[in-house]
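Please read the structure below before turning to the comments.
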Amino acid sequence: MTSAIATTGLTKRFGKRTAVDAIDLDVPDGSVYGFLGPNGSGKTTTIRILLGLAAATAGSVQVLGERIPDGAGTVLPRVGALVDGPAFHPYLSGRDNLVRLDAADRTASPADRRHRIDVALERVGLAAAAGKNYRAYSQGMRQRLGLAAALLRPRELLVLDEPTNGLDPQGTREVRNLVSEVATAGTTVFLSSHLLSEVDQICTHAGIMRSGSLVAQGSIGSLRAALTTRLRIDTRAREDAVDVLRRMGLGDAVADHQGVVGELGSAAAEDVVEELVKSGIPVRQAIVERPGLEELFVALTGEGFDVDE
Ligand SMILES: Nc1ncnc2c1ncn2[C@@H]1O[C@H](COP(=O)(O)OP(=O)(O)OP(=O)(O)O)[C@@H](O)[C@H]1O
Ligand SMILES: [Mg+2]
């Protein structure tokens with residue numbers, strides 16, 4: 001599988017602060033890649049470098065097979081981006097802002113400009129508010145206009161920095177649908193978020209940032225597989241149950257207020273339950289606990305989603 005985005009040792013320092021610390025991103029062609037991490041973990045800084053808006057301190061970057069920043073001129077027209085909003089003019093309407101942006105794109109044919117802009121406005125739900133001055137837009141409307149700008153032309157790659165920022169739940173759902181739609185049409189999507197819940201349904205891959213480091217990366221399936229599955233047994237014969245679980249290879253089995261729990265490892269839950277029953281232990285309930293991505297995210301980024309210092 002070829003990569004839409006690949007970095008090696010990508011590093012960005014601001015003075016003594018290392019905002020991005022030697023990350024090796026690998027965004028497969030055709031994926032929807034969720035770039036996750038708490039506030040301040042280095043997502044925007046990375047994205048700005050990918051788009052040639054900032055220079056890396058060290059490391060190399062390839063986007064759609066071209067080196068950045070050297071190949072930015074040829075590669076950027078193939079990339080739609082939403083980052084810090086393009087420079088929208090406050091006294092122009094949403095529509096006229098898009099006209100300006102589209103006119104500045106040498107590769108966009110003027111003949112179908114109107115149609116292109118209408119479609120983009122429609123897709124982000126701004127058709128009705130298209131004539132309003134940008135200045136009078138709410139944050140959610142501004143975000144939508146930024147998305148419309150990114151979607152003006154069909155692109156091979158979409159890079160969206162916190163596309164759901166400022167949107168209400170309905171808007172968030174719309175962005176999710178939009179991303180799925182674009183991905184189905186064959187565009188690779190790289191989107192950042194500090195909220196896993198906003199992206200986990202649509203992503204095929206994810207990378208998790210913590211304090212500038214990429215602490216996990218891969219397909220959603222492989223990330224899930226890295227999580228340990230636990231077996232929880234509800235029983236009043238806790239001590240005996242712990243013994244059986246340990247004998248069955250659940251080495252870390254312990255009793256807690258609800259019963260006993262241990263990491264399943266290679267043992268099959270049904271075998272453990274059979275063994276418990278054979279040993280005369282009354283099993284009221286057996287639950288296989290598969291932690292979700294949310295737990296992985298919390299485990300890797302630190303609980304409480306604190307701002308990274
Ligand atoms: N231009 C800059 N000068 C100095 N420090 C910066 C600059 N830009 C970012 N930083 C620092 O780099 C770190 C990473 O910031 P970045 O904006 O990339 O995080 P983020 O993951 O996008 O956070 P958020 O979720 O809040 O958008 C932060 O500590 C931030 O203060
Ligand atoms: Mg950011």
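General observations
- Candidate aspartates and glutamates for bridging to Lys12, where Cα separation is under 14 Å - those fewer than 8 sequence places away on the same chain excluded: Asp21, Asp24
- Angle between the chain longest axis and helix 238-247 axis [Cα atoms, degrees, rounded to 10]: 80
- When His257, His89 are arranged by Cβ crowding within 10 Å, least crowded first, meaning fewest neighbours, the order is His257, His89.
- Note on Lys278: aspartates and glutamates with a C-alpha under 18 Å away, same-chain residues under 8 apart excluded, are Asp234, Glu239, Asp240, Asp243, Glu270.
- By other beta-carbon atoms within 10 Å, ranking Leu36, Leu51 with the fewest at the front produces Leu51, Leu36.
- In this structure, the amide hydrogen of Ile5, modeled 1.01 Å from its nitrogen in the peptide plane, lies closer than 5 angstrom to those of Val27, Leu64, counting only residues at least 5 positions away or on a different chain.
- For the chain, the longest principal axis of the Cα atoms and the long axis of helix 113-123 meet at an angle of about 30 degrees.
- Neighbourhood net charge (10 Å Cβ-Cβ; Lys/Arg +1, Asp/Glu -1) for Glu156: +1
- Using alpha-carbon coordinates, inclination of helix 269-278 to the longest axis of the chain, degrees: 20
- Taking the chain and dividing mean pair separation by its residue count, relative contact order in percent (alpha carbons under 8 Å, at least six apart): 21
- Cα-only Debye scattering, region 230-290: base-10 log of I(q)/I(0) at q = 0.12, 0.21 Å⁻¹: -0.20, -0.65
- For the chain, share of DSSP beta bridges that run antiparallel, in % to the nearest 5: 65
- For the chain, average projected area of the Cα convex hull in nm²: 19.4
Any read-out appearing in this document is the output of simple, stated calculations on the displayed coordinates, not a laboratory observation. The model shown is predicted, which means the values in this text are computed figures rather than measured ones. Because the Cβ atoms are built from the backbone with ideal geometry, glycine has one as well, and the counts that use them run over all protein chains shown.
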